[in-house]
Each structure stands twice: as C-alpha cells, then as structure tokens.
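These notes are about the structure you will find just below.
The numbers here are math on the coordinates, done by the rules we state, and not lab data. Keep in mind that what you see is a predicted model, and the values were worked out from it rather than measured. All Cβ positions, even for glycine, are placed from backbone atoms using ideal geometry, and neighbour counts span all protein chains on display.
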Amino acid sequence: MAEAKRELEGDVQRESASGPSRRLDALRVALYNLDKLELHVNRSQRILNDLRTLRRLLFEERGRSGAAQSPAQRANLAGKLAPGAPSDGTPLEAIIQKSLAA
C-alpha cells in the first residue's frame with residue numbers, strides 16, 4: 001500500500017505542474033480512496049487483534065495450547081458461552097461481561 005501511495009503522490013505532483021485537469025482530479029480521488037483503505041485496514045487489524053484476544057480468553061488458551069483441551073472440554077466451554085445461555089457466574093463469564101460493558 002505504501003508503494004502505491006508513493007507512486008500516486010508522484011503522479012499527482014507531475015500532473016499538478018501541468019495545471020488542473022480531469023486526470024489530476026482522478027489521481028487525487030484515487031489517493032484519497034487509498035488513504036481511506038489504509039485507515040480501514042489498520043482498524044481491521046486492531047479489531048482482529050481484539051477478537052484474537054477474546055478468543056484466547058474465551059477458550060482459556062493463554063498459558064496452555066488449545067490442543068491440550070479435549071474435545072469434550074471445548075464443547076462444554078462452547079455450550080456455556082452460547083447466546084442466551086443462563087449465567088453460571090464463572091470468573092470467565094465475569095471477564096466477558098466486563099469486556100462487553102467497556
């Protein structure tokens with residue numbers, strides 16, 4: 001993305017020297033859209049990192065590998081976290097509720 005941005009900025013500089021034109025306007029729109037794309041990619045990366053952190057909390061992956069959990073343990077945990085499931089007051093559930101409230 002950085003390389004495309006540098007190329008577009010160079011093209012805008014070259015076109016600016018020759019005066020206003022539709023090509024210059026198109027290049028500026030492309031540069032603007034590339035800036036927006038960069039912003040959205042950065043935000044998406046942060047959201048993805050947050051989701052990974054939540055997954056680790058939900059499946060208690062920190063400190064042990066996910067492979068160490070038996071399929072029955074995973075199913076049990078997934079059942080506890082199903083939408084609309086009754087609250088059982090576990091510490092994990094408290095962490096999730098706190099995160100969602102923030």
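Determine the sum of side-chain charges near SER44: Lys and Arg each +1, Asp and Glu each -1, restricted to other residues whose C-beta is under 14 angstrom from that of SER44.
Here the charged neighbours net out to +2.
Compute the semi-axes of the equivalent ellipsoid of the stretch 1-58, taking the square root of 5 times each eigenvalue of the Cα gyration tensor, and list them largest first in whole Å.
With the √(5λ) rule applied to the stretch 1-58, the semi-axes are 37, 9, 5 Å.
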